[in-house]
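Working notes, beginning with the structure itself.
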Amino acid sequence: MTDTSSPTEEAIRAYGDDLIRRKLIDAEIPGAVVEFDPDEAERAGAFVEDALSEADARDAEDGVEIEPADRAKLSLFAAARNA
């Protein structure tokens, strides 16, 4: 006789995916506080690194016109970058 009361791995995974899906929907409500444990956050894609590299960001700056008022800010950024 098999024990049908114990959940299978697939059922546990499906429940976890449904819980994460509901938490993500709740997180879109302004002012809502939704907590994710580290495993849930990982499964929801919170730790996927998809940022631009510094080189890609610098390449994206090529051809961008700088307003004269912004030149003072840029000199501060350049000084900080070279520090």
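The values are calculated or read from the model by the stated rules, or taken from the named source; none is laboratory data. All figures in this text were calculated on a predicted structure; none of them were measured in a lab. Note that we place each Cβ from the backbone using ideal geometry, even for glycine, and neighbour counts take in every protein chain shown.
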### Message
Would you confirm, using the coordinates I've provided, whether residue 41 is part of a helix (DSSP H, G or I), surrounded by 12 or more Cβ atoms within 10 Å (Cβ to Cβ) and at pLDDT 85 or above?
### Response
yes
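How many residues does segment 55-79 contain that are at pLDDT 80 or above and farther than 30 Å from residue 24 by Cβ?
Within segment 55-79, the subset at pLDDT 80 or above is 55-60.
If we keep only those that are farther than 30 Å from residue 24 by Cβ too, we end up with 55, 58-59.
Result for segment 55-79: 3.
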### Query
Within the set of pairs 6 or more residues apart or between chains, which connect a residue that is without any contact (Cβ under 8 Å) to a residue 12 or more places away in the chain inside segment 20-32 to a residue that is of a type outside the set (Phe, Trp, Tyr) and surrounded by 11 or more Cβ atoms within 10 Å (Cβ to Cβ) with Cβ atoms less than 7 Å apart?
26/34; 27/34; 32/26
